[in-house]
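I have placed the structure first, in the form of structure tokens, so that the comments after it can refer back to it.
The values are calculated or read from the model by the stated rules, or taken from the named source; none is laboratory data. This is a predicted model, so every value here is computed, not measured. Every residue, glycine as well, gets a Cβ built from its backbone with ideal geometry; the counts of neighbours run over all protein chains shown. Just so you know, the surface numbers come from the protein's heavy atoms only, side chains and all, with ligands and any DNA or RNA stripped out. Shrake-Rupley method; radii C 1.70, N 1.55, O 1.52, S 1.80 Å.
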Amino acid sequence: SALEFFGRAQESSEGRSTEAWLNSAVCHQMLGQRAEAVDCVLRALVLAPDLEHAQDLLTELRQSA
């Protein structure tokens, strides 16, 4: 599934793929797995602190708590 694909992308990039973390966050969000989504988006933001889409997603996840 999509989460497996993005997991493999994270492994192949040694956890340095901002896109894989962000896409994983979106998948978790769609599955209703808020805590996992927040963790993934925070990892994306560590790699790219100015990534606006990740900041927006984090705000959305925090507001839905």
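Table for the structure above
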| item | result |
| --- | --- |
| Scan of the range 42-59 for residues that are touching a residue at least 24 places away in the same chain (Cβ under 8 Å) and of a type in the set (D, E, K, R), ordered by number | Arg43 |
| Complete set of residues in the range 43-60 that are part of a helix (DSSP H, G or I), within 19 Å of Ala9 (Cα to Cα) and open to solvent by less than 70 Å² (accessible area, probe 1.4 Å) | Ala44, Leu45, Ala54 |
| Residues located in the range 15-34, provided they are within 22 Å of Ser1 (Cβ to Cβ) and open to solvent by 70 Å² or more (accessible area, probe 1.4 Å) | Glu19, Met30, Leu31, Arg34 |
